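Have a look at the structure below before the remarks.
The values are calculated or read from the model by the stated rules, or taken from the named source; none is laboratory data. Keep in mind the model is a prediction, meaning the values are calculated, not measured. Neighbour counts run over all protein chains shown; Cβ positions are idealised from the backbone, glycine included.
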Amino acid sequence: MCGIVAYIGSKQALPILIGGLRRLEYRGYDSAGLAVFENGQPCLVKAVGKIDNLSEKLKNQSFDSTFGIAHTRWATHGGVTEPNTHPHTDCTGNIVLAHNGIIENYRELKESLGSNHRYTSETDSEVLAHLIEKEYTGDLRQAVLSALGQVRGTYGLAIMHKDHPGTLVCARMGSPLVIGLGENEYFVASDATPMLAYTKNVIFLEDGEVAEIKRTDMHIVNLKDQQVAKKVSKIEWDEASAQKQGFAHFMLKEIFDQPTVLQDAIRGRFKLADGTAHLGGLNMSEPEMREIKRIVLIACGTASYAAMAGKYMFERLAGIPVEVDVASEFRYRDPIIDNQTLVFGISQSGETADTLAALKEAKRKGAFVRGIVNVVGSTIARETDGGTYIHAGPELAVASTKAFTNMTAILLLYALQFGRLNKLSVATGQRLLAALTEIPEKMKLILQQSDKIKELAEKYKNARDFLFLGRGVNFPVALEGSLKLKEISYIHSEAVPGGEMKHGPIALLSPEFPVFAIMTKNQLYDKMRSNIEEVKARKAPIILIATEGDLGAADLAQDVIYVPPTMELLEPLLNTLPLQLFAYHMAVALGRDVDRPRNLAKSVTVE
Ligand code: AGP
């Protein structure tokens, strides 16, 4: 939910901290602050709003410090104010702390600290600084360990102390922290992006680990202060791939990334000759796979719509019953889970608190629990007993796009892998895989229509409402298109299955209430056509997604976006793209902050 950056070494800390915050702004951008060690003590600068505001404040100040911590905030406790901006300090100002997460028992801790502590913010995080102050008797790491032993909740922490100008202490529980290893210098951040320009050798802190970092060495302990051995990983992403590469927004770059990253998702993961997929990360033997009687797909938001598409794929190809659950509901509904249930947690960030908690519940109840995530080394990736990285590369826009299509492709491969263990024929498997390998080129044909869709957005930008319609595997696509539009353009929109419209939503329709419908050539085409006739009879403007060559579509709608044909189960990989582009161009036409829409954050690491 928030972003943390820290540096200790021989370079000037300030540019590294500010540059790092900019790369983490997608994690939250209500306010930002930093602390550097200057003239023997911590010096703090904070600003409400985007990183630019903080940068502006720093313009007339110069710091030679080679050690500092920084934070960009997405408010969870306490409003968006400068006092609530991190880093926070204790009463003495000697302890400075940046925190990502939620201290669930901060009220009790505040009580236990008594009335002689003076607070300057409304945040839970500041209480932690005072708790460390109470525990501090000269050894910073010991004070942090003692304090954390009293804490319930989640944290990613970076802490400095006036008496320890060469020591940075970091800790993680539930909120990610990555340590970058340089030459006599260390970088710490909520993900690897801020350090890629300096080092690709990283260590992922695990839950319950505390790192004490000095310029020339570092050691990592658990909460019992026992040394922990860690392996160094090498990040494959380069700095450039995390930048916009010439596109106006990260979201547009990531929409156009899809043909490439879809190939990354499927490469080496199927065997055309056998007509099957091979996702080794599943970490299950074939007999274990055959024993699976039910599959549960758990996710939030866009990932939950990929899961819904996956349901159609698994049930059609593998004949296995599939339930899709939004994570925040699953964990509280006493789910029926046993050791013949396979639960997938699907998440771009791999840090979504609701999804993580739901997976822990499924694991506790004895299910096979696997992850389908994008961010390497993320918490869900490490909490599950296997799974598959979707290889979509950094997705920095708050609105998820390429992660959706890659998640869907991985779910298709899993459905194929299970299907070929059951009754699915080689021939069908080969047809599916052949069609899948054609998708990237077909995606490019759709992306070439971006300017045409931009014109469409100009035409509809003053609409106050939108209804999205889809049937079968295209209903999750309609849901995703609706979410994209509402979350970045702020236009109210909703999605219903085509056949459901006549049971109520049709009352909404009027010439002022446009409808975006998916009417591609598949087994439900005729049914969908009738639904659109119903819409037309109410004189609502209609935009259609139709299959190339379907000239009848033009009789039904003022505007038609044609997409190449493909097998029905693969249609989400194509039909979603026009909806992503439409939402993007609508948001741009309305002057919205496309990559950082209001009230949202890229990774929701609080429940
Ligand atoms: C997607 O556009 C949204 N920003 C949001 O629904 C997101 O998909 C959801 O929060 C789940 O995130 P995750 O995939 O990182 O778990």
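A compact table of results
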read-out: Considering residues of the range 289-311 that are farther than 22 Å from ALA357 by Cα and surrounded by fewer than 23 Cβ atoms within 10 Å (Cβ to Cβ) only, the residue nearest to the ligand (Cβ to nearest atom); value: ILE292
read-out: Close pairs (7 angstrom Cβ cut-off, 6 or more residues apart or separate chains): of a type in the set (A, V, I, L, M, F, W, C) in the range 594-607, in a loop (DSSP other than H, G, I, E, B) and away from the ligand (no atom under 11 Å from the Cβ) anywhere; value: VAL594/HIS249; ALA601/GLY28; ALA601/TRP74; VAL606/THR76; VAL606/ILE102
read-out: Identity of the residue in the range 395-415, away from the ligand (no atom under 12 Å from the Cβ) and buried (at least 24 other Cβ atoms within 10 Å of the Cβ), that ends up farthest from the chain's Cα centre (by Cα); value: ALA415
read-out: Single match in THR85, THR72, THR81, THR92 (criterion: touching a residue at least 12 places away in the same chain (Cβ under 8 Å), among the hydroxyl-bearing types (Ser, Thr, Tyr) and outside any loop (DSSP other than H, G, I, E, B)); value: THR72
read-out: Some residue of the range 108-120 being closer than 18 Å to ALA143 by Cβ, part of a loop (DSSP other than H, G, I, E, B) and β-branched (Val, Ile, Thr); value: no
read-out: Selection from the range 257-309 of residues that are out of contact with any Ser or Thr (no Cβ under 7 Å at 6 or more places or on another chain), small (Gly, Ala, Ser) and at negative phi; value: ALA265, ALA273, ALA277, GLY280, SER285, SER304, ALA307
read-out: Test: ALA171 is crowded, with 17+ Cβ neighbours inside 10 Å, assigned to a strand (DSSP E or B) and either modelled with pLDDT of 95 or more or of a type in the set (Lys, Arg) (or both); value: yes
read-out: Considering residues of the range 68-83 that are surrounded by fewer than 24 Cβ atoms within 10 Å (Cβ to Cβ) and touching a strand residue (DSSP E or B) at 6+ places or on another chain (Cβ under 7 Å) only, the residue nearest to HIS164 (Cα to Cα); value: GLU82
read-out: Tally, over the range 491-543, of residues that are in contact with a helix residue (DSSP H, G or I) (Cβ under 8 Å, 6 or more places away or on another chain), touching a residue at least 24 places away in the same chain (Cβ under 8 Å) and either of a type outside the set (A, V, I, L, M, F, W, C) or closer than 17 Å to VAL563 by Cβ (or both); value: 26
read-out: Checklist (1) within 20 Å of LEU128 (Cβ to Cβ); (2) surrounded by fewer than 19 Cβ atoms within 10 Å (Cβ to Cβ); (3) at pLDDT below 90; (4) not hydrophobic (A, V, I, L, M, F, W, C) applied to GLN61, failing item; value: (1)
read-out: Test for GLY429: is it part of a helix (DSSP H, G or I) and away from the ligand (no atom under 16 Å from the Cβ); value: yes
read-out: Answer residue from the range 322-363, given it is in a loop (DSSP other than H, G, I, E, B) and within 16 Å of the ligand (Cβ to nearest atom) and is modelled with the lowest pLDDT among those; value: ARG331
read-out: Residues satisfying the stated conditions in the range 364-394, i.e. within 12 Å of the ligand (Cβ to nearest atom), without any contact (Cβ under 8 Å) to a residue 60 or more places away in the chain and assigned to a loop (DSSP other than H, G, I, E, B); value: ASN374
read-out: Selection from the range 96-151 of residues that are among the basic types (Lys, Arg) and either over 28 Å from GLN226 (Cα atoms) or free of Cβ contacts under 8 Å to residues at least 24 places away in the same chain (or both); value: ARG107, LYS110, ARG118, LYS134
read-out: Unmet requirement for ALA409, which otherwise passes all of (1) under 25 Å from ASN575 (Cα atoms); (2) outside any helix (DSSP H, G or I); value: (2)
read-out: Selected residue (only one of ASN474, ASN462 is more than 16 Å from the ligand (Cβ to nearest atom), surrounded by 24 or more Cβ atoms within 10 Å (Cβ to Cβ) and under 26 Å from GLU534 (Cα atoms)); value: ASN474
read-out: Residue list for the range 557-607, restricted to those being under 30 Å from ARG316 (Cβ atoms), surrounded by 23 or more Cβ atoms within 10 Å (Cβ to Cβ) and of a type in the set (Phe, Trp, Tyr); value: PHE582
read-out: Every residue from the range 521-530 that is touching an Asp or Glu at 6+ places or on another chain (Cβ under 9 Å) and either among the hydroxyl-bearing types (Ser, Thr, Tyr) or closer than 23 Å to LYS459 by Cβ (or both); value: TYR525
read-out: Index of the failed condition, LEU445 passing every other in (1) out of contact with any Asp or Glu (no Cβ under 7 Å at 6 or more places or on another chain); (2) assigned to a loop (DSSP other than H, G, I, E, B); (3) more than 12 Å from the ligand (Cβ to nearest atom); value: (2)
read-out: Enumeration of residues in the range 95-105 that are in a loop (DSSP other than H, G, I, E, B) and touching a Ser or Thr at 6+ places or on another chain (Cβ under 6 Å); value: GLY101, ILE102
